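The values are calculated or read from the model by the stated rules, or taken from the named source; none is laboratory data. From a predicted model like this one, the values you see are computed outputs, not experimental measurements. Counting neighbours? That spans all protein chains shown, and the Cβs are built from the backbone with ideal geometry, glycine included.
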């Protein structure tokens, strides 16, 4: 028997045991004579081999990397098409990244400038994924949904703040030296 079949069989047995346990000890069951006083054995906890088979996880090696790249590009395409905030931040990145390459700073400072811009894009993508997952669950207004979306929005704001502070701290000495030469 294959590992997948053993895991599937064990998961089904655990599900049957859990269902039987719930049915036998139902406190709202009116038929109390049918309850057996023998203790029901608890289902074994699920291990990594007990999870159901996922057909999307079967690829290995180069094929897996190829599919991951295709999915990533599709995600970028969807974010550009559907998320206006991502488009705005991508426009900002299209302006700031070339500037970061031509500003006369040390390589570490250049890396900090580039990283701070890319951090904003990363956090916006994660925020968009949280929002999509919340909307997939339900579109009704709920306090926990609002809280999750607000946390994502706050994370984007922090990333934008990090970007502004990084650019300000690195470029301020250059700007003040440039202004002193002009004046």
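Summary table below
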| quantity | calculated |
| --- | --- |
| The one condition in (1) surrounded by fewer than 16 Cβ atoms within 10 Å (Cβ to Cβ); (2) touching a helix residue (DSSP H, G or I) at 6+ places or on another chain (Cβ under 9 Å); (3) in the same structural domain as residue 135 (by TED's automatic domain parsing) that residue 113 fails to fulfil | (1) |
| Count - residues of the stretch 96-107 that are in a helix (DSSP H, G or I) and surrounded by fewer than 11 Cβ atoms within 10 Å (Cβ to Cβ) | 4 |
| Of residues in the stretch 128-171 being under 16 Å from the mean Cα position of the chain (by Cα) and touching a residue at least 40 places away in the same chain (Cβ under 8 Å), the one nearest to residue 75 (Cα to Cα) | 128 |
| Any hit, the stretch 57-65, residues being touching a helix residue (DSSP H, G or I) at 6+ places or on another chain (Cβ under 8 Å), assigned to a helix (DSSP H, G or I) and at pLDDT 60 or above | no |
